[in-house]
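The next block holds one structure in the form of structure tokens; read it before the comments.
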Amino acid sequence: MKGREKYSICTRKRLAIMTTHVNSNIRVTIWNEFRHEREMPNVKELYPQGIHGTLAEALSKDGYTTRTATLDEPEHGLTDEVLSATDVMLWWGHAAHREVKDEIVAKVQKRVLDGMGLIVLHSGHFSKIFKTLMGTTCDLKWRESGDRERLWVVAPGHPITEGIGDYIQLEHEEMYGEPFGIPEPDELVFVSWFTGGEVFRSGCCYTRGQGKIFYFRPGHETIPTYHNTEVQRVISNAIRWAAPTVTRALILGNTPPLEK
Ligand code: ZN
């Protein structure tokens, strides 16, 4: 028994090393509005380096090649150079969705259609990029009352829920409730329950063009959700799932027949 345990620990370590090696090929850009952390002392205390800084640190430990970009940088930090060197983008925004320039949104949308992965976090449900890609209102019910949230795994075996048990429990979170104004997800991996009695589709997978999109609900700025290791695990899994697999340019338009 002891030998078997030892072997299993070694295997796990080896797998972890292999995973870190694979992840290092995935270039992640973490985009954050980065206003609350500068303007609200209680948020700054939770995220002194910004939400993007906390996520970058966690994801670097998993071996990803990370960079960050924020709203108030020129071009919101999303220059053509950055966009073309991004395999998966994370998006957190809340109070300043309207300040994101339409031409940058169009460029991000094009990158997604061409194969870049996009992970939209929490209040990013109302971001221009998510609404553009979904084509619906993306509206929902909400309440800032520190409800307990239980995110039930409804797709065990899905790569995004790997390493997560039956559920993730967050003692305090903002409540989001149905009906959520999104198109039917291609795959639903989490459903949340809140102490107020509401439920919410909190982990939703989509494909748009060649790009994979994952919406992940938790992450209100006044709660230390992004320090939670299970939440970090889901985001890390989602990055690996959303990383592009198609690298060749598609041949489209007027096409001669293959058979003469
Ligand atoms: Zn919130």
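For this structure, a couple of remarks:
- For Val191, the conditions (1) under 18 Å from the mean Cα position of the chain (by Cα); (2) free of Cβ contacts under 8 Å to residues at least 40 places away in the same chain are fulfilled apart from (2).
- Subset tally (residues that are within 22 Å of Pro224 (Cα to Cα), in contact with a strand residue (DSSP E or B) (Cβ under 7 Å, 6 or more places away or on another chain) and either away from the ligand (no atom under 16 Å from the Cβ) or not in a strand (DSSP E or B) (or both)) for region 149-170: 10
- Test for Val100: is it within 14 Å of the ligand (Cβ to nearest atom), of a type in the set (Val, Ile, Thr) and within 20 Å of Gly50 (Cα to Cα): no
- Any chance Lys44 is free of Cβ contacts under 8 Å to residues at least 40 places away in the same chain and touching a helix residue (DSSP H, G or I) at 6+ places or on another chain (Cβ under 8 Å): yes
- Residue that is farthest from the ligand (Cβ to nearest atom) [pool: residues in region 182-234 that are polar (S, T, N, Q) and not in a strand (DSSP E or B)]: Gln210
- Residues of region 43-93 satisfying the condition of being surrounded by fewer than 18 Cβ atoms within 10 Å (Cβ to Cβ) and either among the charged types (D, E, K, R) or within 16 Å of the ligand (Cβ to nearest atom) (or both): Lys44, Glu45, Glu57, Lys61, Arg67, Asp72, Glu73, Glu75, Asp80, Glu81
- Of all residues making up region 171-189, the number that are within 20 Å of Pro224 (Cα to Cα) and among the hydrophobic types (A, V, I, L, M, F, W, C): 1
- Extreme residue, farthest from Gly135 (Cα to Cα), among residues of region 168-183 that are more than 18 Å from the chain's Cα centre (by Cα) and not small (Gly, Ala, Ser): Glu171
- Checking every residue in region 125-146 against the condition of being under 20 Å from Asn228 (Cα atoms), surrounded by 20 or more Cβ atoms within 10 Å (Cβ to Cβ), in contact (Cβ under 8 Å) with a residue 40 or more places away in the chain and touching an Asp or Glu at 6+ places or on another chain (Cβ under 6 Å) gives zero matches.
- Verdict on Glu178 being in contact with a Phe, Trp or Tyr (Cβ under 9 Å, 6 or more places away or on another chain), away from the ligand (no atom under 16 Å from the Cβ) and among the charged types (D, E, K, R): yes
- Flag if Leu46 is modelled with pLDDT of 95 or more, touching a Pro at 6+ places or on another chain (Cβ under 6 Å) and closer than 16 Å to His220 by Cα: yes
- Region 109-168: number of residues that are under 23 Å from Ile51 (Cα atoms), among the β-branched types (Val, Ile, Thr) and out of contact with any Ser or Thr (no Cβ under 8 Å at 6 or more places or on another chain): 7
- Annotation: His122 fulfils all but one of (1) under 23 Å from Arg217 (Cβ atoms); (2) within 16 Å of the ligand (Cβ to nearest atom); (3) surrounded by fewer than 23 Cβ atoms within 10 Å (Cβ to Cβ); the unmet one is (3).
- Yes/no for Lys260 being more than 15 Å from the ligand (Cβ to nearest atom) and without any contact (Cβ under 8 Å) to a residue 24 or more places away in the chain: yes
The values are calculated or read from the model by the stated rules, or taken from the named source; none is laboratory data. Source: prediction; values computed, not measured. In this analysis, Cβ positions are derived from the backbone assuming ideal geometry, glycine residues included, and neighbour counts consider all displayed protein chains.
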